[in-house]
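> The structure under discussion is supplied below as structure tokens; questions concerning it will follow.
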Amino acid sequence: MKLHKAAHTVYKTQYHIVWVTRFRRKILVKGVTDYLASKLHEAVEILSGISI
């Protein structure tokens, strides 16, 4: 856990991403899930310091 410090504050920024499809249709089948996972891991590599 990395804490960021400023003059009079200490903070930690976290993000929680929720992805809901229209009408909650189940589109995350095997191929889509694998593709999405690979793209998320690429984004993590680009934006270092993020963990999923």
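> Using 0.36 nm per residue, how much length does the chain from Val32 to Leu3 gain when fully extended, once their Cα-Cα distance is taken away?
Net length gain for the segment: 6.9 nm.
> In Å and on Cα atoms, what radius of gyration and Dmax does the chain show?
16.0, 48
> Kindly provide the helix-only [θ] at 222 nm of the chain, computed as the sum of -39,500 (n - 2.57) over DSSP H runs of four or more divided by all residues, to the nearest 500 deg cm²/dmol?
That calculation yields -11000 deg cm²/dmol at 222 nm.
> Within the chain, how many Lys pairs that are eight or more residues apart, or on different chains, come under 29 Å at the alpha-carbon?
Lysine pairs meeting the criterion: 5.
> May I pose another question? Ranked from highest to lowest mean number of other Cβ atoms within 10 Å per residue, what is the order of the peptides 15-25, 32-42?
Peptide ranking by packing, descending: 32-42, 15-25.
> Quote the charge dipole size of the chain about the Cα centre in Debye, to the nearest 20; the model charges only the Cβ of Lys and Arg (+1) and of Asp and Glu (-1).
Dipole of the chain, to the nearest 20 debye: 320 debye.
FYI, it's all coordinate maths here, none of it is from the lab. Everything numeric in this text was worked out from a predicted model, so none of it was measured. Cβ atoms come from the backbone with ideal geometry, glycine included; neighbour counts cover every protein chain shown.
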